[in-house]
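Asker: Please find one structure pasted underneath; my questions will follow.
The values are calculated or read from the model by the stated rules, or taken from the named source; none is laboratory data. Fair warning: this is a prediction, and the values are worked out from it, not measured in the lab. Note that each Cβ is placed from the backbone with ideal geometry, even for glycine, and that neighbours are counted across all protein chains shown.
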Amino acid sequence: MGGNIFKDVATSINIKDVAPTITAYVDFLGQIFPMKAHSLKYFKPVGSVGKKAVSGDLDLAIDQSHIIRSFTAPELAKWNIDFDEWQELYLQYERRARTSTAEMCKMRAVLTLISKKIDEAGVLVSSSTTPGNIFTCFPQYSSGPVLNGKQVQIDWMVGDIEWLEWAYYSNNEKGLKGLHRTQLIVAALAEAGYTFNHYCGIKKQGTSEWTVTTPEGAVLLLSQEYRTLTMGETFTFEDFNKWLKNSTTDTTYSAVIKRYKRILRLAKAEVPEILKEFECY
């Protein structure tokens, strides 16, 4: 989900190598952070991982409670993080923050210091750490386990696990990626005046509080802004697009699709075939 950050090093991964690579990755992290080794076993593959014959990267979600329960010295020490170093970094992020909440700045500081230790252990890490993401590049393993000479991008998704599994869901629709479904939801919410975040939830534009943090809450909000939506209609691009078209006026649908196409251009993703010839007002 973080895009091809390590394009000069990372390659795609075959489905048969996904499980042994994730196992080796979690074991590696457990060696760096022995006091968190058990918690790291709660990583869950999300998106298209394990659903496609070949994946461009591996997205691993984990509930934030397995990362840290409170921003205290004893909790940080489990990651071998010094409280004063963390606090200095957190305050630095908070001073510069424009839209991030204090909690987001605190988590970003934790993940930044975790990523620093992963880097020191010899694994490539991107400097683009967010309050909900760490982006790494790790050797691929085949069954055995044995190294197969390749590397793959592995991204952390940290937040509420129920929200993460829904936000990053991919049904592996033919010719489409998970982002095609999710970004259409993003566009529909944006047209109604809301901001969607993959690891925080949904908030009213111009506010700082993430008021919707569950999939059920997102479905209810969309139902209130448009027309009754079921959870089942949110899992594929095809179903959500059909619902959206039938739930709006031609003008509103056109406005959402215009936003959607703009989002896909920024993501350098193909427009779904069914919308390629659609003329927005």
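Asker: Can you name the residue in the stretch 170-224 that is modelled with pLDDT under 95 and aliphatic (A, V, I, L, M) and is also farthest from residue 62 (Cα to Cα) among such residues?
Answerer: Out of the qualifying residues, it is 176.
Asker: A follow-up question, please. Those residues that are farther than 28 Å from residue 235 by Cα, out of contact with any Gly (no Cβ under 7 Å at 6 or more places or on another chain) and in a loop (DSSP other than H, G, I, E, B), I need them from the stretch 1-47; list them, please.
Answerer: Matches in the stretch 1-47: 6, 7, 8, 9, 10, 33, 38.
Asker: Moving on to the next point. List the number of the failed condition for residue 232; all other conditions in (1) surrounded by fewer than 12 Cβ atoms within 10 Å (Cβ to Cβ); (2) within 11 Å of residue 184 (Cβ to Cβ) hold.
Answerer: So the condition that residue 232 fails would be (2).
Asker: Among the listed residues 270, 238, which satisfies the condition of being closer than 19 Å to residue 182 by Cβ, within 22 Å of the chain's Cα centre (by Cα), assigned to a helix (DSSP H, G or I) and not hydroxyl-bearing (Ser, Thr, Tyr)?
Answerer: Details: 270 fails: assigned to a helix (DSSP H, G or I).
None of the others qualify; the one that does is 238.
Asker: Here's another thing I want to ask about it. Please find, within the stretch 35-47, the residue that is farthest from residue 158 (Cα to Cα) out of those that are surrounded by 15 or more Cβ atoms within 10 Å (Cβ to Cβ) and of a type outside the set (Gly, Ala, Ser).
Answerer: Residues of the stretch 35-47 surrounded by 15 or more Cβ atoms within 10 Å (Cβ to Cβ): 36, 39-40, 42-47.
Next cut, of a type outside the set (Gly, Ala, Ser) only: 36, 40, 42-46.
Values: 36: 15, 40: 12, 42: 11, 43: 9, 44: 11, 45: 12, 46: 12 Å.
Ranking the candidates gives 36 first.
Asker: Would you be able to tell me the number of residues in the stretch 99-118 that are of a type in the set (S, T, N, Q) and at pLDDT below 95? Before the answer, list the steps.
Answerer: Let us first name the residues in the stretch 99-118 that are of a type in the set (S, T, N, Q), namely 99-101, 112, 115.
From what is left, the residues that are at pLDDT below 95 are 99-101.
Residues meeting the conditions: 3.
Asker: Here's a follow-up. Would you confirm whether any residue within the stretch 256-274 is aliphatic (A, V, I, L, M), modelled with pLDDT of 95 or more, more than 27 Å from residue 160 (Cα to Cα) and in contact with a Ser or Thr (Cβ under 9 Å, 6 or more places away or on another chain)?
Answerer: For the stretch 256-274, residues aliphatic (A, V, I, L, M), modelled with pLDDT of 95 or more, more than 27 Å from residue 160 (Cα to Cα) and in contact with a Ser or Thr (Cβ under 9 Å, 6 or more places away or on another chain): present.
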